[in-house]
Amino acid sequence: MDISLLEPKFQELIKAAVEMKDRAYCPYSNFRVGSSVMCSNGSIHVGCNVENASYGLCLCAERCAVSNAVSAGHTDIIAVAISCDIKGDFKGPCGMCRQVLAEFNLEMDLYLTKPDNTYKKVNLKELLPMAFTPKSLEAERI
Ligand SMILES: O=c1ccn([C@H]2C[C@H](O)[C@@H](CO)O2)c(=O)[nH]1
Ligand SMILES: [Zn+2]
């Protein structure tokens, strides 16, 4: 689907993710990712991937954006946009980011985007079936 056909607020969300790619610190992978999250009050919080010489410490753009939302006082995330410079199939977030997003709202929508101005909208529920969420901790125990 073409991004220009989306409601303006989601176009704005995607634009914020696209712009964040320029801030990516990724000297090891050279794979720039920008992300943005929208909270229920309409606020937008952004993030980029931040790599480290100790490779295992690399932070994905999505978790960076979530941290920025939470540190700004917003945990009610309703939508996420992700931008990376790929061709071909749309790419979803890594497993670790799916789990971090699920902490806040399994119902959220994700706008996966490509530089050709197209997007694919997916729901976190479909990306993370049988998710372990805060509610899981309320399960009856033996
Ligand atoms: O969904 C993803 C997948 C990867 N990366 C980053 C992590 C690393 O810096 C680089 C290559 O994996 O891309 C993200 O930011 N988001
Ligand atoms: Zn990730």
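Some observations on this one:
- Computed in the context of the full set of protein chains, the accessible area of the chain at 1.4 Å probe radius has 55% of its extent on carbon or sulfur.
- Cβ-Cβ FRET estimate between Asp116 and Glu140, R0 fixed at 41 Å, reported to 0.05: 0.25
- Across segment 1-87, C-alpha contacts under 8 Å between residues 6 or more apart give a mean separation that, scaled by the residue count, equals a relative contact order of 31 percent.
- Dipole moment magnitude, nearest 20 debye, the chain about Cα centre, only Lys, Arg, Asp, Glu C-beta charged: 220
- On a per residue basis, the chain carries 57 Å² of accessible surface, using protein heavy atoms and a 1.4 Å probe.
The values are calculated or read from the model by the stated rules, or taken from the named source; none is laboratory data. For clarity, every value in this text was computed on a predicted model and none was experimentally measured. Counting neighbours? That spans all protein chains shown, and the Cβs are built from the backbone with ideal geometry, glycine included. To get the accessible areas, we keep the full protein, side chains included, count just its heavy atoms, and leave off ligands, DNA and RNA. Shrake-Rupley method; radii C 1.70, N 1.55, O 1.52, S 1.80 Å.
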